[in-house]
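One structure below.
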Amino acid sequence: AQSVTQLGSHVSVSEGALVLLRCNYSSSVPPYLFWYVQYPNQGLQLLLKYTTGATLVKGINGFEAEFKKSETSFHLTKPSAHMSDAAEYFCAVSDRNNDMRFGAGTRLTVKP
Amino acid sequence: KAGVTQTPRYLIKTRGQQVTLSCSPISGHRSVSWYQQTPGQGLQFLFEYFSETQRNKGNFPGRFSGRQFSNSRSEMNVSTLELGDSALYLCASSLKGLAGGLVGGGANVLTFGAGSRLTVL
């Protein structure tokens, strides 16, 4: 069965700094990989997904993630953090049956 | 098109009471999943419904139940509420099909509602 590990439950960056949120997955088959974002008092919103093809995936709000099979990773990055990026971010993996597993989440704080 | 709608958004109950939460999925989505989100446990899968049938179930006690109607709207019920049931309950709908895959293939994207925040006193 697939699983997801997000390294770091809290990440703090300064406005304008690089954002790097780490995600490693475990899957016995080629996975589908996702990043979701949750703003306060809201549900989760899809940021980006990887299915097949190009390993560098671009999402909304300037975020991107790279699928690295050899490292079983799908880290999320953004070159320059904005105050509005403060939120909780969830990495998720699903198999071909589309049973989805979420990581524990990483809370991103952006300091002015 | 309208998103996933959950009602009520906020509610307060006391221990021992029961609660019913409602979820209206995106039009055309027949799969509805429920999650419990708490600061300590994160996102935990409760159950998934498809065509009025529970297809998958997470590791929750029998006090947690759900159902789905013919129009794909879903409800979940928690009976004999405990303090630990205080949480944000999230509903998500998707195009996940009968066999688990998507019609035409591809990855299943969950679209979430804003959640129902339950406080048990």
- prompt: Roughly how many percent of the accessible protein surface of the protein assembly as shown is carbon and sulfur, given a 1.4 Å probe and a whole-percent answer?
  reply: 51
field: Rg ratio (alpha-carbon, reference 2.2 N^0.38 Å) - chain B
entry: 1.03
- prompt: Which of A:VAL37, A:VAL29, A:VAL13 moves most in a GNM of chain A, Cα contacts under 10 Å?
  reply: A:VAL29
task: With r as the distance between the Cβ atoms of B:ASN77 and B:SER27 and R0 = 35 Å, compute the FRET efficiency 1/(1 + (r/R0)^6) and round to 0.05.
output: 0.90
query: Who wins for biggest fluctuation among B:GLY16, B:GLY40, B:GLY84 in a Gaussian network model of chain B, springs between alpha carbons below 10 Å?
result: B:GLY40
All-pairs Cα distance distribution in the protein assembly as shown, expressed in whole percent, bin size 5 Å: 1, 7, 14, 18, 19, 16, 13, 8, 4, 1, 0
Accessible area in square angstrom per residue, the protein assembly as shown, 1.4 angstrom probe: 47
statement: Once both label points are put 7 Å beyond Cα along the C-beta direction, the B:GLN54-A:GLN42 separation in nm becomes 3.2
message: Could you check the spin-label model distance between B:ARG15 and A:THR77? Points 7 Å from the Cα along Cα→Cβ, value in nm.
response: 5.1
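Calculate how large, on average over all directions, the projected area of the Cα convex hull of the range A:30-78 is; give the answer in nm² to one decimal. Could the numbers behind the result be given before it?
On the way: hull surface 14.7 nm².
Computing the convex hull of the Cα atoms and averaging its projections yields 3.7 nm².
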Between the range A:1-56 and the range B:34-60, the alpha-carbon center distance in angstrom: 20
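Over every pair of different alpha-carbon atoms in the range B:19-64, take the mean of 1/r and invert it; report that Kirkwood radius in Å. If you can, show how the numbers build up before the last one.
Working: mean 1/r = 0.0846 Å⁻¹.
About 11.8 Å, per the Kirkwood formula over Cα pairs.
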field: Antiparallel bridge percentage (DSSP; both residues within chain A; nearest 5)
entry: 90
statement: The whole-number value in µm²/s of the Stokes-Einstein translational diffusion coefficient for the range A:1-102, with Rh from the Kirkwood sum over alpha carbon pairs at 20 °C and 1.002 mPa s, is 155
- request: Give a residue-ordered list of calculated ³J(HN,Hα) values for the range B:73-83 (Karplus: 6.51 cos²θ - 1.76 cosθ + 1.60, θ = phi - 60°; whole Hz; x for Gly, Pro).
  value: 4, 10, 10, 10, 10, 10, 9, 6, 4, 10, 4
message: Spelling out what I want: for every residue of the range B:5-13, take phi, set θ = phi - 60°, compute 6.51 cos²θ - 1.76 cosθ + 1.60 (Karplus), and round to whole Hz; glycine and proline get x.
response: 10, 10, 9, x, 7, 9, 7, 10, 10
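The values are calculated or read from the model by the stated rules, or taken from the named source; none is laboratory data. Being a predicted model, the structure only gives us computed values, none of them experimental. Because the Cβ atoms are built from the backbone with ideal geometry, glycine has one as well, and the counts that use them run over all protein chains shown. Ligands, DNA and RNA are stripped out before the accessible areas are found, and what is left, the full protein with its side chains, is counted by its heavy atoms. Shrake-Rupley method; radii C 1.70, N 1.55, O 1.52, S 1.80 Å.
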